[in-house]
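Asker: Before I ask anything, here is the structure I am working with.
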Amino acid sequence: MQLRPANAERVQVYLVGGVHPDARGQGIGRILLGWQIARGCAHLALSEERLAAWLRLDADERNPGALALAERAGMRPARWFTSMERVVLGSAGATATPLPTRLPPPGTRLVGYSADRAEDARLARNDSFRDHWGSTEFTPERWEQVVAGECSGRICRSSSSRRRAGGCSASRSPRSTRRTGKLQGFASSYLGILGVVRDARGRGLAPALLTAVLRATQEAGLERVVLDVDTESPTGALGLYESVGFVPTSRSIDLVLDVVWSADLAQGGSVSAEPPGLRYCCRSGRPALSGRPRRGGCVLPGRGVAG
(Lines give C-alpha, C1' and ligand atoms only; values in the text may rest on other atoms or scores of the structure.)
Protein backbone atom coordinates (compact mmCIF):
# COMPACT_ATOMS: atom_id res chain seq x y z
CA MET A 1 0.00 0.00 0.00
CA GLN A 2 1.52 3.30 -1.11
CA LEU A 3 0.40 6.88 -0.49
CA ARG A 4 1.48 9.26 -3.26
CA PRO A 5 0.43 12.69 -4.51
CA ALA A 6 -1.25 12.24 -7.90
CA ASN A 7 -0.91 15.92 -8.81
CA ALA A 8 -1.51 19.32 -7.27
CA GLU A 9 -5.22 18.56 -6.87
CA ARG A 10 -5.36 14.99 -5.60
CA VAL A 11 -3.65 12.41 -3.42
CA GLN A 12 -3.98 8.68 -3.96
CA VAL A 13 -3.33 5.38 -2.25
CA TYR A 14 -2.30 2.38 -4.36
CA LEU A 15 -3.82 -0.93 -3.29
CA VAL A 16 -1.61 -3.83 -4.39
CA GLY A 17 -2.32 -7.49 -3.72
CA GLY A 18 -3.74 -10.73 -5.00
CA VAL A 19 -4.89 -14.22 -4.15
CA HIS A 20 -3.24 -17.39 -5.46
CA PRO A 21 -5.47 -19.06 -8.07
CA ASP A 22 -5.68 -22.23 -5.97
CA ALA A 23 -7.05 -20.24 -3.01
CA ARG A 24 -9.66 -18.16 -4.81
CA GLY A 25 -13.40 -18.43 -4.21
CA GLN A 26 -13.05 -18.65 -0.42
CA GLY A 27 -13.64 -15.00 0.45
CA ILE A 28 -9.95 -14.22 1.00
CA GLY A 29 -9.89 -11.46 -1.61
CA ARG A 30 -12.97 -9.80 -0.12
CA ILE A 31 -11.36 -9.73 3.33
CA LEU A 32 -8.04 -8.43 2.00
CA LEU A 33 -9.65 -5.69 -0.10
CA GLY A 34 -11.86 -4.61 2.79
CA TRP A 35 -8.81 -4.32 5.01
CA GLN A 36 -6.93 -2.38 2.33
CA ILE A 37 -9.77 0.10 1.86
CA ALA A 38 -9.95 0.76 5.58
CA ARG A 39 -6.19 1.07 5.92
CA GLY A 40 -6.04 3.27 2.84
CA CYS A 41 -8.46 5.69 4.46
CA ALA A 42 -6.37 5.60 7.63
CA HIS A 43 -3.31 6.55 5.57
CA LEU A 44 -5.21 9.44 4.00
CA ALA A 45 -6.35 10.63 7.41
CA LEU A 46 -2.69 11.00 8.38
CA SER A 47 -1.85 12.95 5.25
CA GLU A 48 -1.17 16.67 5.67
CA GLU A 49 -2.71 17.31 2.24
CA ARG A 50 -6.44 18.06 2.56
CA LEU A 51 -7.19 17.42 -1.09
CA ALA A 52 -9.60 15.25 -3.01
CA ALA A 53 -8.33 11.69 -2.96
CA TRP A 54 -8.98 8.20 -4.17
CA LEU A 55 -7.99 4.62 -3.55
CA ARG A 56 -6.64 2.98 -6.69
CA LEU A 57 -5.91 -0.55 -7.88
CA ASP A 58 -5.41 -2.28 -11.21
CA ALA A 59 -6.93 -5.58 -12.29
CA ASP A 60 -6.16 -7.71 -15.31
CA GLU A 61 -9.12 -8.23 -17.63
CA ARG A 62 -8.27 -11.95 -17.63
CA ASN A 63 -9.20 -12.06 -13.95
CA PRO A 64 -12.95 -11.26 -13.95
CA GLY A 65 -13.23 -12.23 -10.30
CA ALA A 66 -10.92 -9.41 -9.25
CA LEU A 67 -12.84 -6.91 -11.37
CA ALA A 68 -16.16 -8.00 -9.88
CA LEU A 69 -14.74 -7.84 -6.36
CA ALA A 70 -13.48 -4.28 -6.85
CA GLU A 71 -16.78 -3.13 -8.34
CA ARG A 72 -18.75 -4.70 -5.48
CA ALA A 73 -16.59 -2.65 -3.12
CA GLY A 74 -17.75 0.50 -4.91
CA MET A 75 -14.74 1.03 -7.16
CA ARG A 76 -15.29 2.31 -10.69
CA PRO A 77 -13.22 1.78 -13.86
CA ALA A 78 -11.17 4.89 -14.59
CA ARG A 79 -8.48 3.96 -17.13
CA TRP A 80 -7.41 1.10 -19.38
CA PHE A 81 -3.80 0.03 -19.93
CA THR A 82 -2.46 -2.29 -22.64
CA SER A 83 0.43 -4.69 -22.04
CA MET A 84 2.68 -5.02 -25.11
CA GLU A 85 5.69 -7.09 -26.16
CA ARG A 86 8.39 -6.82 -28.79
CA VAL A 87 10.52 -9.86 -29.67
CA VAL A 88 14.17 -8.83 -30.09
CA LEU A 89 15.88 -12.23 -29.95
CA GLY A 90 14.38 -15.18 -31.79
CA SER A 91 13.57 -18.38 -29.91
CA ALA A 92 11.30 -21.40 -30.19
CA GLY A 93 7.82 -20.11 -30.95
CA ALA A 94 8.89 -16.51 -31.49
CA THR A 95 10.53 -14.87 -34.49
CA ALA A 96 12.42 -11.61 -34.13
CA THR A 97 12.02 -9.12 -36.93
CA PRO A 98 14.97 -6.78 -37.66
CA LEU A 99 15.27 -3.94 -35.21
CA PRO A 100 14.63 -0.47 -36.61
CA THR A 101 17.27 2.24 -36.61
CA ARG A 102 16.27 5.57 -35.19
CA LEU A 103 19.03 8.12 -34.68
CA PRO A 104 18.59 11.13 -32.40
CA PRO A 105 17.98 14.40 -34.28
CA PRO A 106 20.87 16.81 -34.99
CA GLY A 107 22.08 18.65 -31.93
CA THR A 108 21.03 15.86 -29.59
CA ARG A 109 22.89 12.81 -28.33
CA LEU A 110 22.15 9.78 -26.18
CA VAL A 111 24.32 9.23 -23.14
CA GLY A 112 24.33 6.21 -20.85
CA TYR A 113 22.82 6.43 -17.41
CA SER A 114 25.21 6.77 -14.47
CA ALA A 115 24.96 7.86 -10.85
CA ASP A 116 26.22 11.36 -11.60
CA ARG A 117 23.33 11.82 -14.05
CA ALA A 118 20.65 10.61 -11.64
CA GLU A 119 19.25 14.06 -10.89
CA ASP A 120 19.11 15.00 -14.59
CA ALA A 121 17.28 11.77 -15.35
CA ARG A 122 14.84 12.21 -12.46
CA LEU A 123 13.93 15.77 -13.44
CA ALA A 124 13.51 14.77 -17.09
CA ARG A 125 11.20 11.95 -16.07
CA ASN A 126 9.07 14.22 -13.86
CA ASP A 127 8.76 16.82 -16.60
CA SER A 128 7.95 14.20 -19.24
CA PHE A 129 5.14 12.63 -17.20
CA ARG A 130 3.39 15.81 -16.07
CA ASP A 131 0.48 15.21 -18.46
CA HIS A 132 0.19 11.44 -17.86
CA TRP A 133 -2.96 10.29 -16.08
CA GLY A 134 -2.40 9.45 -12.42
CA SER A 135 1.33 10.07 -12.63
CA THR A 136 3.28 11.03 -9.52
CA GLU A 137 6.57 12.88 -9.23
CA PHE A 138 9.63 10.87 -8.29
CA THR A 139 11.48 12.04 -5.19
CA PRO A 140 15.26 11.43 -5.12
CA GLU A 141 14.68 8.54 -2.69
CA ARG A 142 12.05 6.86 -4.83
CA TRP A 143 14.14 7.39 -7.95
CA GLU A 144 17.04 5.54 -6.35
CA GLN A 145 14.74 2.60 -5.64
CA VAL A 146 13.28 2.51 -9.15
CA VAL A 147 16.53 2.57 -11.12
CA ALA A 148 18.22 -0.12 -8.99
CA GLY A 149 18.90 -3.27 -11.05
CA GLU A 150 18.23 -1.63 -14.40
CA CYS A 151 19.19 -3.41 -17.60
CA SER A 152 19.74 -0.27 -19.64
CA GLY A 153 19.19 3.44 -19.43
CA ARG A 154 19.69 6.45 -21.66
CA ILE A 155 19.38 10.19 -21.21
CA CYS A 156 18.68 12.37 -24.22
CA ARG A 157 20.48 15.72 -24.11
CA SER A 158 20.97 18.69 -26.36
CA SER A 159 24.64 18.67 -27.30
CA SER A 160 24.69 22.44 -27.61
CA SER A 161 23.11 23.46 -24.30
CA ARG A 162 23.44 20.17 -22.35
CA ARG A 163 19.79 20.64 -21.53
CA ARG A 164 18.02 17.42 -20.52
CA ALA A 165 15.43 16.48 -23.13
CA GLY A 166 14.21 13.03 -22.09
CA GLY A 167 15.19 9.61 -20.86
CA CYS A 168 14.33 5.95 -20.54
CA SER A 169 14.98 3.03 -18.22
CA ALA A 170 14.42 -0.70 -18.69
CA SER A 171 14.98 -3.35 -16.03
CA ARG A 172 15.38 -7.11 -16.17
CA SER A 173 12.00 -8.55 -15.30
CA PRO A 174 11.92 -10.58 -12.07
CA ARG A 175 9.75 -13.04 -13.98
CA SER A 176 12.68 -13.88 -16.23
CA THR A 177 14.75 -15.49 -13.47
CA ARG A 178 15.55 -19.17 -13.71
CA ARG A 179 13.00 -19.98 -11.02
CA THR A 180 10.03 -18.16 -12.55
CA GLY A 181 10.99 -18.04 -16.22
CA LYS A 182 8.88 -21.11 -16.94
CA LEU A 183 5.72 -19.23 -15.98
CA GLN A 184 6.42 -16.53 -18.54
CA GLY A 185 8.17 -18.71 -21.04
CA PHE A 186 10.81 -16.16 -22.03
CA ALA A 187 13.43 -13.80 -20.61
CA SER A 188 12.63 -10.10 -20.92
CA SER A 189 13.30 -6.54 -19.90
CA TYR A 190 10.53 -4.27 -18.69
CA LEU A 191 10.40 -0.73 -20.07
CA GLY A 192 9.26 1.25 -17.06
CA ILE A 193 10.18 4.76 -18.15
CA LEU A 194 10.26 6.42 -21.56
CA GLY A 195 9.61 10.13 -21.79
CA VAL A 196 10.52 13.35 -23.56
CA VAL A 197 10.02 16.78 -21.99
CA ARG A 198 7.22 18.80 -23.51
CA ASP A 199 9.25 21.39 -25.38
CA ALA A 200 11.46 18.74 -27.00
CA ARG A 201 8.70 16.55 -28.44
CA GLY A 202 8.02 16.01 -32.12
CA ARG A 203 11.69 15.76 -33.14
CA GLY A 204 12.17 11.99 -33.02
CA LEU A 205 13.74 11.71 -29.57
CA ALA A 206 11.32 9.07 -28.26
CA PRO A 207 11.91 6.63 -31.17
CA ALA A 208 15.68 7.01 -30.69
CA LEU A 209 15.41 6.22 -27.00
CA LEU A 210 13.05 3.31 -27.64
CA THR A 211 15.27 1.62 -30.24
CA ALA A 212 18.24 2.05 -27.88
CA VAL A 213 16.33 -0.02 -25.31
CA LEU A 214 15.49 -2.67 -27.90
CA ARG A 215 19.14 -3.08 -28.87
CA ALA A 216 20.39 -3.05 -25.28
CA THR A 217 17.89 -5.78 -24.40
CA GLN A 218 19.01 -7.86 -27.37
CA GLU A 219 22.67 -7.40 -26.44
CA ALA A 220 21.88 -8.51 -22.89
CA GLY A 221 20.61 -11.84 -24.26
CA LEU A 222 16.98 -11.23 -23.32
CA GLU A 223 14.28 -12.27 -25.75
CA ARG A 224 11.64 -9.54 -25.45
CA VAL A 225 10.86 -6.06 -24.23
CA VAL A 226 7.64 -5.77 -22.24
CA LEU A 227 5.75 -2.61 -21.30
CA ASP A 228 2.37 -1.22 -20.24
CA VAL A 229 0.87 1.83 -21.91
CA ASP A 230 -2.10 4.04 -21.16
CA THR A 231 -4.49 3.48 -24.07
CA GLU A 232 -5.59 7.14 -23.87
CA SER A 233 -2.15 8.69 -23.44
CA PRO A 234 -2.14 12.21 -24.93
CA THR A 235 1.45 11.72 -26.15
CA GLY A 236 0.55 9.10 -28.78
CA ALA A 237 2.67 6.47 -27.01
CA LEU A 238 0.54 3.55 -28.23
CA GLY A 239 1.19 4.42 -31.87
CA LEU A 240 4.91 4.85 -31.20
CA TYR A 241 5.23 1.35 -29.77
CA GLU A 242 3.23 -0.20 -32.59
CA SER A 243 5.46 1.53 -35.14
CA VAL A 244 8.55 -0.39 -33.96
CA GLY A 245 6.90 -3.80 -33.72
CA PHE A 246 5.25 -3.99 -30.30
CA VAL A 247 2.06 -6.07 -30.20
CA PRO A 248 -0.67 -6.08 -27.51
CA THR A 249 -0.91 -9.14 -25.27
CA SER A 250 -3.44 -8.19 -22.57
CA ARG A 251 -5.28 -5.30 -20.93
CA SER A 252 -5.76 -4.15 -17.37
CA ILE A 253 -8.15 -1.70 -15.78
CA ASP A 254 -7.34 0.91 -13.15
CA LEU A 255 -10.27 1.19 -10.75
CA VAL A 256 -10.70 3.98 -8.21
CA LEU A 257 -12.78 4.68 -5.13
CA ASP A 258 -13.26 8.40 -4.49
CA VAL A 259 -12.53 9.72 -1.02
CA VAL A 260 -13.23 13.26 0.19
CA TRP A 261 -12.24 15.07 3.36
CA SER A 262 -14.77 15.97 6.03
CA ALA A 263 -13.70 18.93 8.18
CA ASP A 264 -16.37 18.38 10.81
CA LEU A 265 -14.87 15.05 11.89
CA ALA A 266 -12.35 16.90 14.04
CA GLN A 267 -15.21 17.62 16.48
CA GLY A 268 -15.97 13.96 17.04
CA GLY A 269 -18.79 11.70 15.99
CA SER A 270 -19.03 8.10 14.89
CA VAL A 271 -16.55 6.68 12.40
CA SER A 272 -17.09 3.77 10.06
CA ALA A 273 -15.17 2.45 7.09
CA GLU A 274 -15.88 -0.01 4.32
CA PRO A 275 -16.35 -2.90 4.99
CA PRO A 276 -18.46 -2.68 8.19
CA GLY A 277 -16.59 -3.57 11.34
CA LEU A 278 -13.25 -2.00 10.36
CA ARG A 279 -12.93 1.36 12.08
CA TYR A 280 -10.03 3.78 12.20
CA CYS A 281 -9.29 7.28 13.42
CA CYS A 282 -6.30 9.51 14.05
CA ARG A 283 -4.73 10.52 17.32
CA SER A 284 -1.22 11.92 17.66
CA GLY A 285 -0.46 10.89 14.11
CA ARG A 286 -1.19 7.18 14.66
CA PRO A 287 -4.06 4.91 13.59
CA ALA A 288 -6.26 3.92 16.52
CA LEU A 289 -9.63 2.42 17.30
CA SER A 290 -12.65 4.61 16.66
CA GLY A 291 -14.26 6.58 19.45
CA ARG A 292 -11.11 8.48 20.46
CA PRO A 293 -10.33 12.15 19.70
CA ARG A 294 -9.09 12.69 16.16
CA ARG A 295 -7.84 15.49 13.95
CA GLY A 296 -9.90 14.76 10.84
CA GLY A 297 -11.13 12.07 8.55
CA CYS A 298 -12.13 11.07 5.06
CA VAL A 299 -15.46 10.08 3.59
CA LEU A 300 -16.29 7.33 1.13
CA PRO A 301 -19.22 9.00 -0.67
CA GLY A 302 -22.37 7.09 0.17
CA ARG A 303 -20.44 4.61 2.29
CA GLY A 304 -19.67 6.31 5.59
CA VAL A 305 -16.58 7.84 7.11
CA ALA A 306 -13.05 6.69 7.82
CA GLY A 307 -10.98 8.79 10.16
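The values are calculated or read from the model by the stated rules, or taken from the named source; none is laboratory data. Computed from a prediction, not measured in an experiment: that's the story for all the values here. Positions of Cβ are generated from backbone atoms using ideal geometry, with glycine treated the same way; all protein chains shown enter the neighbour counts.
Asker: Just the residues that are touching a Pro at 6+ places or on another chain (Cβ under 9 Å) and of a type outside the set (Lys, Arg), please, taken from region 71-102.
Answerer: 71, 73, 74, 82, 83, 84, 85, 100 - these are the residues of region 71-102 that are touching a Pro at 6+ places or on another chain (Cβ under 9 Å) and of a type outside the set (Lys, Arg).
Asker: May I pose another question? Out of 68, 42, 53, which single residue is among the small types (Gly, Ala, Ser), at pLDDT below 90 and more than 19 Å from the chain's Cα centre (by Cα)?
Answerer: Of 68, 42, 53, the one residue that is among the small types (Gly, Ala, Ser), at pLDDT below 90 and more than 19 Å from the chain's Cα centre (by Cα) is 42.
Asker: Any idea which residue in region 68-94 is farthest from residue 170 (Cα to Cα), counting only those that are assigned to a loop (DSSP other than H, G, I, E, B) and either in the same structural domain as residue 218 (by TED's automatic domain parsing) or hydrophobic (A, V, I, L, M, F, W, C) (or both)? Please lay out each step first, then the result.
Answerer: As a first pass, look at region 68-94 and keep what is assigned to a loop (DSSP other than H, G, I, E, B): 73-75, 88-90, 92-93.
Narrowing the set further to residues that are either in the same structural domain as residue 218 (by TED's automatic domain parsing) or hydrophobic (A, V, I, L, M, F, W, C) (or both) leaves 73, 75, 88-89, 92.
Values: 73: 35, 75: 31, 88: 14, 89: 16, 92: 24 Å.
Restricting to residues being assigned to a loop (DSSP other than H, G, I, E, B) and either in the same structural domain as residue 218 (by TED's automatic domain parsing) or hydrophobic (A, V, I, L, M, F, W, C) (or both), the top hit is 73.
Asker: Of everything in region 249-263, what is exposed (fewer than 15 other Cβ atoms within 10 Å of the Cβ), modelled with pLDDT of 90 or more and more than 18 Å from residue 173 (Cα to Cα)? Give them in sequence order.
Answerer: If the condition is that a residue be exposed (fewer than 15 other Cβ atoms within 10 Å of the Cβ), modelled with pLDDT of 90 or more and more than 18 Å from residue 173 (Cα to Cα), then 251 is the only one that fits.
Asker: Do you know which of the residues in region 224-238 that are at pLDDT 90 or above and not aliphatic (A, V, I, L, M) is surrounded by the fewest Cβ atoms within 10 Å (Cβ to Cβ)?
Answerer: 228
Asker: Another question, if that's okay. Can you tell me which residue within region 163-175, out of those that are surrounded by fewer than 20 Cβ atoms within 10 Å (Cβ to Cβ) and within 18 Å of residue 216 (Cα to Cα), is modelled with the lowest pLDDT? Outline the logic, then answer.
Answerer: So the first thing to find is which residues in region 163-175 are surrounded by fewer than 20 Cβ atoms within 10 Å (Cβ to Cβ), and the list is 163, 171-172, 174-175.
Next, from what is left, pick out any that are within 18 Å of residue 216 (Cα to Cα): 171-172, 174.
Numbers: 171: 82, 172: 79, 174: 55.
Top of the filtered list is 174.
Asker: Name the residue that is surrounded by the most Cβ atoms within 10 Å (Cβ to Cβ), counting only residues in region 26-39 that are touching a residue at least 40 places away in the same chain (Cβ under 8 Å) and of a type outside the set (Lys, Arg).
Answerer: Within region 26-39, the match that is surrounded by the most Cβ atoms within 10 Å (Cβ to Cβ) is 37.
Asker: Now for a separate question. For residues that are modelled with pLDDT under 85 and in contact with a helix residue (DSSP H, G or I) (Cβ under 6 Å, 6 or more places away or on another chain), scanning just region 114-149, find the one that is nearest to residue 80 (Cα to Cα).
Answerer: Ranking the candidates gives 137 first.
Asker: I'd like the full set of residues that are closer than 30 Å to residue 253 by Cβ, of a type in the set (A, V, I, L, M, F, W, C) and surrounded by fewer than 15 Cβ atoms within 10 Å (Cβ to Cβ), limited to region 81-116.
Answerer: Narrowing region 81-116 to residues closer than 30 Å to residue 253 by Cβ: 81-88, 93-94.
From what is left, the residues that are of a type in the set (A, V, I, L, M, F, W, C) are 81, 84, 87-88, 94.
Across region 81-116, the qualifying residue is only 94.
Asker: Can you spot a residue in region 75-90 that is in contact with an Asp or Glu (Cβ under 7 Å, 6 or more places away or on another chain), under 30 Å from residue 220 (Cβ atoms) and at pLDDT below 90?
Answerer: yes
Asker: Given (1) charged (D, E, K, R); (2) outside any loop (DSSP other than H, G, I, E, B); (3) loosely packed, with under 13 Cβ neighbours inside 10 Å, where does residue 48 come up short, assuming only one miss?
Answerer: Among (1) charged (D, E, K, R); (2) outside any loop (DSSP other than H, G, I, E, B); (3) loosely packed, with under 13 Cβ neighbours inside 10 Å, the lone unmet condition for residue 48 is (2).
Asker: In region 228-247, what residues are assigned to a strand (DSSP E or B), within 14 Å of residue 129 (Cβ to Cβ) and not acidic (Asp, Glu)?
Answerer: Looking only at region 228-247, we keep the residues that are assigned to a strand (DSSP E or B), and these are 228-230, 247.
The next check asks that each one be within 14 Å of residue 129 (Cβ to Cβ); those that pass are 228-230.
The one that is assigned to a strand (DSSP E or B), within 14 Å of residue 129 (Cβ to Cβ) and not acidic (Asp, Glu): 229.
Asker: Just to be sure I understand, how many residues within region 202-225 are in contact with a helix residue (DSSP H, G or I) (Cβ under 9 Å, 6 or more places away or on another chain) and not in a helix (DSSP H, G or I)? Steps first, please.
Answerer: So the first thing to find is which residues in region 202-225 are in contact with a helix residue (DSSP H, G or I) (Cβ under 9 Å, 6 or more places away or on another chain), and the list is 206-207, 210, 222-225.
Restricting the remaining residues to those that are not in a helix (DSSP H, G or I) gives 222-225.
Of the residues in region 202-225, 4 are in contact with a helix residue (DSSP H, G or I) (Cβ under 9 Å, 6 or more places away or on another chain) and not in a helix (DSSP H, G or I).
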